[in-house]
1. State which residue is nearest to residue A:368 (Cα to Cα) when the search covers only region A:395-409 and only residues that are modelled with pLDDT of 90 or more and touching a helix residue (DSSP H, G or I) at 6+ places or on another chain (Cβ under 8 Å).
2. Any idea which residue in region B:303-327 is nearest to residue B:284 (Cα to Cα), counting only those that are among the hydroxyl-bearing types (Ser, Thr, Tyr) and more than 11 Å from chain A (Cβ to nearest Cβ)?
3. Out of the residues in region B:292-332 that are acidic (Asp, Glu) and modelled with pLDDT of 95 or more, which is nearest to residue B:374 (Cα to Cα)?
4. Inside region B:153-183, can you point out the residues that are part of a loop (DSSP other than H, G, I, E, B), of a type in the set (S, T, N, Q) and more than 11 Å from chain A (Cβ to nearest Cβ)?
5. Taking region B:195-230 only, how many residues are over 30 Å from residue A:413 (Cβ atoms), in contact (Cβ under 8 Å) with a residue 12 or more places away in the chain and not aliphatic (A, V, I, L, M)?
6. Test of understanding: among A:147, A:57, A:115, A:97, which residue is free of Cβ contacts under 8 Å to residues at least 60 places away in the same chain, over 19 Å from residue A:10 (Cβ atoms) and acidic (Asp, Glu)?
7. So is residue B:206 surrounded by fewer than 19 Cβ atoms within 10 Å (Cβ to Cβ), of a type outside the set (Gly, Ala, Ser), more than 14 Å from chain A (Cβ to nearest Cβ) and under 22 Å from residue B:335 (Cα atoms) or not?
8. For region A:336-351, check the following and say yes or no: at least one residue is among the β-branched types (Val, Ile, Thr) and within 14 Å of chain B (Cβ to nearest Cβ).
Amino acid sequence: MKVFKTDIAIIGGGPAGLSAALAAAKAGARVDIIDAGFLPGGQYWMQDPTGAPPLSDQVSEGRDAIATIRAAGVTIHSGAEVWTVFPDLKIGANGPDGPFEIVPRAIIVASGAHDRVMPFPGWTLPGVMTPGAGQRLAKLGGMSAGDRVVLAGSGPFLLAVAETLAKIGKPPIALIEAKRTNAGILAHMARHPARWREAARLLATARAIPDRRAGWIVTEALGTERVTAVRIAPIATNGVIAHDDAEVIAGIDALLVGWGFRPMIEVTALLRCRHEYDRAQGGWFCATDPKSGRTSVEHVYAAGEVTGIAGSVPARLSGRLAGLAAAADLGFIGSDPAAAQAEAVAKLMPARRFAYGLGRLYAPPESLADLAQDDTVLCRCEEVTKRDVAAALDAGTQAVSGAKMWTRAGMGRCQGRVCGWGIAEIAARITSTTPEAAGFNAPRIPLRPVPLSVVLEATREVEA
Amino acid sequence: MVAGADVIVVGAGVVGAAVAEALSRTGRSVHVVEQGLPGGAVSGASLACIGTHMNDEEELPFLKWCCDEWAAFDAHTPTFEYDRCGQLRFLKQESELNSARHWIDVERNAGLAPELLDPAEVRRIEPLLTGPIHSATWSPNSAVVNPFLAVRMLLETAQAQGVRLTSRAPATKLRLKGDRVIGVETSAGPIDGDHVVIAGGPWTAKLAATAGVDLPIVPRKAQCLATVSQPRSIRTVVGACKAEGGVDAGYTQIQQAMSGQILFNTVLEGGVTAHGSPDAVPEVDRAFIRDSVETLLFLFPSFAEIELLRSWVRYEAVTPDDRFLTGPVGPDGLYIAAGDGGVGFCRSVGMGRIIADQIEGRPSPFRTDLYDPARFERRQAA
């Protein structure tokens, strides 16, 4: 097995990871990035492996960032899944050429975000997916999730997906946003003039969608073999879903539903970093010192969405700060690190305020967790219904981990990555507590399923 | 203030649940307090083998009773994936034969029916066990259960008889009046009780110490691995022959859960005594992963490309002679049932019966001296 000794290992090659890599490499540290994608870039700077002309400035921006990183001498391990990080910081990964190990002096976790999925009747039908998945299909080779796509959920990301779909010639036929545009959203936008241009562009995209609703929610996906229609209902001002006023949009072949993002805390949780909970930041996130990205665990740093959902601008800035700090803590001091730090911090704070404000304003409606019916499957891997989970909670298990023990919800192949957020929200609703109190299932080794032959090769004594 | 009870059971693992269930049959009012979630600490992480094979010679009659009791629960409430699948214990080399024959003799004398099988006979029972073993013992009466659902079944059976359960309420202190226990302090408030049974696994000694009782129970790290779900690939519980000495002597248990996940662990000699705190559970060790995967693939070479899905760690409660501490201890009204040594699942129902008999003042059908919490002091005095 190959072993790479390095100063700083960065897990995740999105905007945060690449920015961290550049800052650390420029300071003189040896840097290795481990990234699951065919090419680095993450979701935001996703590169099309077919080499098609860039769909957006994001793609060319990412391409430039990757070129800069390579020029700076950073080693990029693409197509590699990290399956473990041991307490001594040794990283076990499995790549296209088999298992390898990285032995770093410090780790920067830039693992990104995952769509927040809420189970509802019909959500397991083929053709129903997350906006993030729809965006990925479009960015990787220009494929659309369907010819007649309905985009639904909440948050500005829906507009970004609408824009991408329009660019590949498949603009959505309907946009169902749960939040009504209100004074709060307008006031928030008014306070951040730097974002007006982007907002205007996205709103222009939205205006081209024939059926636009604000204050409506998808209550059911309909179809037998795959999704062919969707039931939607208005949300009353008191937050209650007015099922009596529901309508059906028929003749669709794809439904993208998402409720924003949650931080991917699997690696930081495995390393026992301290985590905090904030709904506006996507739920559980890795707590860091904002000026350095230092976590509660020595030699472990975090940057980007894993430190709280805030989008690509804070991801780049927090990445740069974590890169600078990790390098400096190892004795690699570039030119004027204090000034570089001060500049990034000065930009990071307002960018995060903007994002957290949006996170609060576009918080999913409380009644969202009531959409699932008794026979709705909550955990797809183990086919556990809401009835099963409710019975376990009733019988005294109380929390997400208890529901898992008694029903296997979250015990299957995805280990709760897909359903964990939704089950926490539903459990909180059933037991009259908060999603924070309902907790989450701690990740364990391995972070992703990995063949036993790989595990054996990776755990046999290796020569460093 | 929580309403009082005749008996407070501290801990809703399988032992606490079994104690509560046994007591509920006496008509006494019982209140179970659990610091976390039922079965959520040690019990749920168990591989929950119900059997008599290669276990403890002196405990054999007790173990037989426990196996029958579990079968009776399954006949009455078949909700916990009880599967009487039998158990194979593989031998790697001829030098282990003496030990295997010894156990077969002991168990046959007790009316059980284990036998020694050659590799071809083993494969008739376990077709994918194609690794180069020397032979294996076969004990047809062993069963496995889903540990979470077994705890749930015991608790729900008890609750149907009026037992109360309070989860997420750590018991912090025993309450005493003179030389008698009168209840416990919990994070949910004090609870009055004429008797208190501590079935707190590795946390038992800490609570007992609040009444000045010093118990020789220490926590020991125990680890396990699971693969992603597979079609039916393993039919039995597969373990290593309990051998004296030998290069590879250690503990192995491999089985396939009803979910299809293959659960497995191997702890080689010398790797079992890592102490630590059950309050800060770490990850599995690298050497443990290696030994477990190596053993699994030695026995089942065709599993090499199956994916590992999950690992977990728990702290089991260990006593100096690897037997439970079960019975009255310290001030009047205080009982304990703890010290599973990693093999408590099967025994839990018997421990429930012992405690219920003691509180009721009934004679026990078992050799309770084996579990007497004061046995070490007596030995020292003698």
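1. Among residues in region A:395-409 that are modelled with pLDDT of 90 or more and touching a helix residue (DSSP H, G or I) at 6+ places or on another chain (Cβ under 8 Å), the one nearest to residue A:368 (Cα to Cα) is A:409.
2. In this case the residue turns out to be B:315.
3. B:332
4. Selection gives B:161 alone.
5. Adding up the residues that qualify gives 11.
6. Selected residue: A:57, the only one of A:147, A:57, A:115, A:97 that is free of Cβ contacts under 8 Å to residues at least 60 places away in the same chain, over 19 Å from residue A:10 (Cβ atoms) and acidic (Asp, Glu).
7. Yes; evaluated as a whole, the condition is true for this residue.
8. So far as region A:336-351 goes, no, none of its residues is among the β-branched types (Val, Ile, Thr) and within 14 Å of chain B (Cβ to nearest Cβ).
The values are calculated or read from the model by the stated rules, or taken from the named source; none is laboratory data. Keep in mind that what you see is a predicted model, and the values were worked out from it rather than measured. When we count neighbours, we look across all protein chains shown, and the Cβ atoms used for this are built from the backbone with ideal geometry, even at glycine.
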